[in-house]
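The structure under discussion appears below in the form of structure tokens.
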Amino acid sequence: MSKEQKAGAVLRYFAIEGRFSGAQAYGTGHINDTFRAVFEDAGRHVPFLAQRINRSIFRDVPALMENIGRVTEHLWAQIAEEPDALRRTLTLIPARDGRVWHQDEEGDYWRVYRFIERARGYDTIQSADQAYQAARAFGRFQQMLATLPTPRLHDTIPDFHHTPKRFQALLKAIDADVANRATQVRTEIEFALSHQSITGVLLDANLPERVTHNDTKINNVLLDDTTGEGICVIDLDTVMPGLALYDFGDMVRTATSPASEDELDLSKVTMQFPMYEALVRGYLSTAGEMLTRAERELLAFAGKLITFEIGLRFLTDYLAGDTYFKVHRPGHNLDRARTQFALVRSIEQQEERMRLLVDSI
């Protein structure tokens, strides 16, 4: 049975009306298997987004889905009266047993969302306005979740953005060298080791804990096909307690360079200052009043740290034999690590100018 056929078989366990028409693989995510499924109901073709959740990475899927259920319900309560509200937050489709997930015979967990039409995510940024819109959407997402009632959300991946622990994981991967690759990446290892001093800066700054997305790639905001507005934040698996600057830093990482995350020509990797300025202005337009003075002072630094951290993760996975991120060619994780480290260098060349911009707003 193909993955698409498996998705179709699982969908009958969800509260969806109509006849299943077909499913196709969808998106470019590294972690979960995602499908766009279509049902025919009363002469209409109704699309849904089905996902098989990667349980080797997310060890407690019921807790993860509890987080997503709480977050989406809280967002919906605040936007229900807005125009086009159903397109402005993800909507979970319940399983027929009342849960918001289904576990199949093989032990895999599945969920289904209402498919948001007439909007799309972009793997690489194409304009400063797109950067502004995405940052505005992520800032609003943080701002709305600042009022999420207790209890505290579950940590779906403990220490996800704990950069010192990511650094220690790299050191262990270097020592173990299970795939016999360390000698091939001495330059990258030396770069990582030379930046150890920055790993604890955010954790040592006594910043407030927030509800954060923790994976603010530009393609995790859907932009309206007509207006270009950032209408919906998606991919909520890593929504959990964290630092606001983790989210902003990952926006800088994913939105300021014209190159893709795995670009082979490192001369194309650069932190474009106009894109950075658009991110700052968009983010502060919605989240600015929420931020403390300390958070604002470290806003410019956050991009360098998170870019470096993701580079550490790609390099660690390469040394470990590519066990975490999906790879599509030999050396793929190494290519990703090199791209991140090249972007760190570009950020460092412009860091003072970045700080002055934040101070001026």
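Bear in mind these aren't lab numbers, they're just calculated from the coordinates by the rules spelled out. Keep in mind it's a predicted model, so treat the numbers as computed, not measured. Positions of Cβ are backbone-derived with ideal geometry, glycine not excepted, and every protein chain shown enters the neighbour counts.
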Whole-number D in µm² s⁻¹ for region 207-361, Kirkwood Cα-pair radius fed into Stokes-Einstein, 4 °C, 1.567 mPa s: 80 µm²/s
Label point distance in nm, S360-D265, each placed 7 Å from Cα along Cα→Cβ: 3.1 nm
Separation of the F115 and A80 label points, Cα + 7 Å toward Cβ, nm: 2.7 nm
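Are there GluC sites (Glu not before Pro) in region 1-85 that DSSP marks as loop and that have at most 14 other Cβ atoms within 10 Å, and which are they? The partial results should precede the final answer.
Numbers: sites: E4, E17, E40, E66, E73, E81; in loops: E17, E81.
The qualifying sites are E17, E81.
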Cβ-derived FRET efficiency at R0 35 Å, R55 paired with N206, nearest 0.05: 0.50
Whole-number D in µm² s⁻¹ for the chain, Kirkwood Cα-pair radius fed into Stokes-Einstein, 10 °C, 1.306 mPa s: 75 µm²/s
Extension reserve of the T124-R329 stretch, reckoned as 0.36 nm per residue once the Cα distance is removed: 71.8 nm
Residues of region 269-305 with amide N under 11 Å of the 7 Å Cα→Cβ point at Q349: 269-272
Gain on full stretching of the segment that runs from R96 to A146 - 0.36 nm per residue minus C-alpha separation: 14.8 nm
For region 132-274, alpha-carbon Rg and Dmax in angstrom: 17.6, 52
In sequence order, calculated HN-Hα J values of region 284-298 (Karplus, 6.51, -1.76, 1.60; Hz; x Gly/Pro): 5, 5, 10, 9, x, 5, 7, 6, 7, 4, 5, 5, 5, 5, 9
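Looking at region 20-93, which trypsin sites (Lys or Arg not before Pro) are DSSP coil and have at most 13 other C-beta atoms within 10 Å of their C-beta? Could you put the intermediate results ahead of the total?
On the way: sites: R36, R44, R52, R55, R59, R70, R87, R88; in loops: R55, R59, R88.
Qualifying residues, ordered by number: R59.
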Whole-angstrom Cα spans of region 3-117 along principal axes, big to small: 41, 36, 30
Share of pairwise Cα separations in region 80-164, more than 16 Å, in percent: 75 percent
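Just to check, using Stokes-Einstein with a Kirkwood Rh over alpha carbon pairs, what's the diffusion coefficient of region 302-361 at 4 °C and 1.567 mPa s in µm²/s?
Values: Rh = 12.5 Å.
For the chosen part, D equals 103 µm²/s.
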Greater than 30 Å apart at Cα, pairs in K6/K172; K6/K326; K6/K304; K3/K165; K3/K304: K6/K172; K6/K304; K3/K165; K3/K304
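Using 0.36 nm per residue of separation minus the Cα-Cα distance, give me the extension gain between E289 and K172 in nm, one decimal.
On the way: separation 117, 0.36 × 117 = 42.12 nm, distance 4.10 nm.
Computed gain between E289 and K172 is 38.0 nm.
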